[in-house]
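Report on the following structure.
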Amino acid sequence: QVQLVESGGGAAQAGGSLRLSCAVSGRTFVNYRMGWFRQGPGREREFVATYTWSGGRASYRDSVQGRFTVSREKDTMYLQMDSLKPEDTGVYYCAADDPPWNSFDYWGQGTQVTVSS
């Protein structure tokens, strides 16, 4: 099984930045589709970004496009969050979708991000 562990969450002011990490281990995952999701207070979990582990291609939710960037180095995927807004507040999760890439089967425990106005 693949294990995912998020870290890097914390508090930031509006306009500030945070960098989240997702450490991946356990099995081969070179061809996995990766994802970042978040769940704000009183809200349902929502898609933030997807990322192909081997190809380095990313896709973003419209509301974070241009502000968030996904990258990878070794066995860690990152979510760089710039120009943070209060509505970015929530618990952020990384996830992995193994072939045939039909659903996200593996999830981390989440890391809290709080953005104050």
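The values are calculated or read from the model by the stated rules, or taken from the named source; none is laboratory data. Keep in mind it's a predicted model, so treat the numbers as computed, not measured. Reconstructed Cβ throughout: ideal geometry from the backbone, glycine too, with neighbour counts over all protein chains shown. The protein model used for the area step is the full one, side chains on, heavy atoms only, and it has no ligands, DNA or RNA in it. Shrake-Rupley method; radii C 1.70, N 1.55, O 1.52, S 1.80 Å.
Could you pull out the residue among Arg67, Arg61, Arg72 that is under 26 Å from Gly15 (Cα atoms), touching a Ser or Thr at 6+ places or on another chain (Cβ under 7 Å) and without any contact (Cβ under 8 Å) to a residue 40 or more places away in the chain? Walk me through it before giving the result.
Working: Arg61 fails: touching a Ser or Thr at 6+ places or on another chain (Cβ under 7 Å); Arg72 fails: touching a Ser or Thr at 6+ places or on another chain (Cβ under 7 Å).
After ruling out the rest, the residue left standing is Arg67.
Can you work out which of the residues in region 30-41 that are over 16 Å from the mean Cα position of the chain (by Cα) and more than 21 Å from Met81 (Cβ to Cβ) is most open to solvent (accessible area, probe 1.4 Å)? Can you show your working first?
Looking only at region 30-41, we keep the residues that are over 16 Å from the mean Cα position of the chain (by Cα), and these are 30-31, 41.
Subsequent filtering for residues that are more than 21 Å from Met81 (Cβ to Cβ) retains 30-31.
Values: Val30: 90, Asn31: 72 Å².
Step by step, filter region 30-41, then rank; the result is Val30.
For region 13-29, give me the residue count where each residue is touching a Ser or Thr at 6+ places or on another chain (Cβ under 7 Å), under 16 Å from Thr69 (Cα atoms) and open to solvent by 70 Å² or more (accessible area, probe 1.4 Å).
Residues meeting the conditions: 0.
Say we look at region 48-82 and pick out the residues that are modelled with pLDDT under 95 and at positive phi; which of these is least open to solvent (accessible area, probe 1.4 Å)?
Gly56
Would you confirm, using the coordinates I've provided, whether Asp88 is under 17 Å from Gln1 (Cβ atoms) and not hydrophobic (A, V, I, L, M, F, W, C)?
So Asp88 fails the test.
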